[in-house]
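Below is one structure, written out as structure tokens; the observations come after it.
The values are calculated or read from the model by the stated rules, or taken from the named source; none is laboratory data. If you're wondering where the values come from, they're calculated on a predicted model, not measured in any experiment. Quick reminder, even Gly has a Cβ in these numbers, built from the backbone with ideal geometry, and neighbours come from all protein chains shown.
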Amino acid sequence: MKIKISDDFDPIKIIRSGQCFRPTVISDDTYRFISGEKIVYIRSLDENVYDLSCNENELGYWKDYFDLDLDYKALREKVPKNDAFLSKCAEHGKGLRILKQDKWEMLVSFIISQRKSIPAIRTSIEKLCFNFGERIKDDKFGDRALFSFPTSEALAKASKEELDMCSLGYRSEYVMDAARLVAGDIINLNELDGYDNEKLFESLKTVKGVGDKVANCVMLFAYHRLSRAPVDTWIAKIIDKFYDGIDPFPAYGEYAGLMQQYMFFEATDNGL
């Protein structure tokens with residue numbers, strides 16, 4: 001169905017932003033997003049007009065996924081001109097949005113992300129989905145073999161050797177621990193939604209392999225805590241080079257995570 005999105009929205013930049021690992025560019029004007037067992041193809045028709053391969057009942061799900069109720073253009077335009085680097089990043093990153101993604105998928109994805117390039121993360125995740133996920137129906141391209149992200153129960157049953165075959169390396173043990181905790185309801189990821197930021201942060205860090213950066217990534221991209229600004233090697237370099245080693249994100253309060261995304265995208269897309 002056709003929808004008009006007048007706010008900032010660029011599927012290619014979202015796919016390349018480092019916050020999601022399963023969406024794919026199908027062609028110059030068509031993009032595929034997978035969330036759980038849901039698939040949507042987005043085709044750009046005209047300026048601000050898109051065709052989504054979903055019915056009206058499913059549209060609400062995807063509007064929430066893409067956070068279409070929040071005015072990103074207004075937030076971007078509030079970036080102060082005296083922050084020259086962020087202003088440059090925000091202009092280059094125009095179209096980025098913070099997706100509301102599945103909590104379990106984000107926990108495992110960012111555990112896997114440690115010391116891996118984005119292409120390598122994508123490869124590992126697709127191997128996990130192929131080996132432990134369920135085949136999902138693709139109404140648009142029925143001949144494509146697509147698989148859902150594996151459940152915690154499915155991964156809890158996997159051996160370390162099976163997980164190692166998904167190119168996880170030392171992260172296999174971390175994924176096994178996360179699966180055991182979530183499948184056994186020792187950690188209920190949905191219940192954590194009601195926690196304040198600090199309690200959520202500390203709760204996520206009880207999972208083996210989850211440090212500050214991974215916990216903040218999960219908070220930002222799964223729990224939509226937009227005030228969280230994960231610091232990886234790219235962001236650490238930015239802080240040193242452009243902000244004299246002083247963390248700039250507290251100044252951006254509840255939307256610091258969006259500012260971090262603009263900076264991360266600039267750094268990974270154009271270099272420093």
Q. Does the stretch 82-122 hold any residues that are β-branched (Val, Ile, Thr) and touching a Leu at 6+ places or on another chain (Cβ under 7 Å), and which are they?
A. ILE98, ILE112
(Q) Which of the numbered conditions does PHE132 fail, given that it passes all the others? Conditions: (1) over 24 Å from THR30 (Cα atoms); (2) within 19 Å of the chain's Cα centre (by Cα); (3) hydrophobic (A, V, I, L, M, F, W, C). (A) (2)
Q.
Quick test for you: out of ARG144, ARG122, ARG135, pick the one residue that is without any contact (Cβ under 8 Å) to a residue 12 or more places away in the chain and not small (Gly, Ala, Ser).
A. ARG144
Q | Residue count, the stretch 134-159 (criterion: loosely packed, with under 15 Cβ neighbours inside 10 Å and under 22 Å from LEU204 (Cα atoms)) | A | 2
Q: Take the stretch 17-35 and flag every residue that is in a loop (DSSP other than H, G, I, E, B) and out of contact with any Ser or Thr (no Cβ under 6 Å at 6 or more places or on another chain).
A: SER17, GLY18, GLN19, CYS20, ARG22, PRO23, ASP28
Q.
Going by what's in this entry, would ASP185 be described as within 26 Å of PHE33 (Cα to Cα), over 20 Å from the mean Cα position of the chain (by Cα) and either assigned to a loop (DSSP other than H, G, I, E, B) or in contact (Cβ under 8 Å) with a residue 40 or more places away in the chain (or both)?
A. no
Q.
Could you check the stretch 43-99 and list, in sequence order, the residues that are assigned to a loop (DSSP other than H, G, I, E, B), closer than 21 Å to ASP138 by Cα and under 19 Å from the mean Cα position of the chain (by Cα)?
A. PHE66
Q) Would it be correct to say that ILE235 is over 27 Å from ALA158 (Cβ atoms), touching a helix residue (DSSP H, G or I) at 6+ places or on another chain (Cβ under 8 Å) and either touching a residue at least 60 places away in the same chain (Cβ under 8 Å) or part of a loop (DSSP other than H, G, I, E, B) (or both)? A) no
Q: Can you confirm whether the stretch 14-30 contains a residue that is within 12 Å of the chain's Cα centre (by Cα), among the charged types (D, E, K, R) and surrounded by 18 or more Cβ atoms within 10 Å (Cβ to Cβ)?
A: yes
Q: Scan the stretch 254-263 for residues that are surrounded by fewer than 23 Cβ atoms within 10 Å (Cβ to Cβ) and under 15 Å from LYS241 (Cα atoms) and report the count.
A: 0
Q | Filter result (crowded, with 16+ Cβ neighbours inside 10 Å, among the hydrophobic types (A, V, I, L, M, F, W, C) and farther than 14 Å from CYS166 by Cα) within the stretch 91-126 | A | LEU96, ILE98, LEU99, TRP104, MET106, LEU107, PHE110
Q) Within the set of pairs 6 or more residues apart or between chains, which connect a residue that is within 19 Å of CYS217 (Cα to Cα) and touching a residue at least 24 places away in the same chain (Cβ under 8 Å) inside the stretch 80-102 to a residue that is buried (at least 16 other Cβ atoms within 10 Å of the Cβ) and β-branched (Val, Ile, Thr) with Cβ atoms less than 9 Å apart? A) LEU96/ILE14; ARG97/ILE14; LEU99/ILE14
Q) Which is without any contact (Cβ under 8 Å) to a residue 12 or more places away in the chain and surrounded by fewer than 20 Cβ atoms within 10 Å (Cβ to Cβ), of LYS208, LYS199, LYS213, LYS241? A) LYS199
Q. When you go through LEU146, LEU192 one by one, which is the residue that is of a type in the set (A, V, I, L, M) and in contact with a strand residue (DSSP E or B) (Cβ under 6 Å, 6 or more places away or on another chain)?
A. LEU146
Q: For SER6, state whether it is assigned to a loop (DSSP other than H, G, I, E, B) and either assigned by TED's automatic domain parsing to the domain that holds ARG122 or not aromatic (Phe, Trp, Tyr) (or both).
A: yes
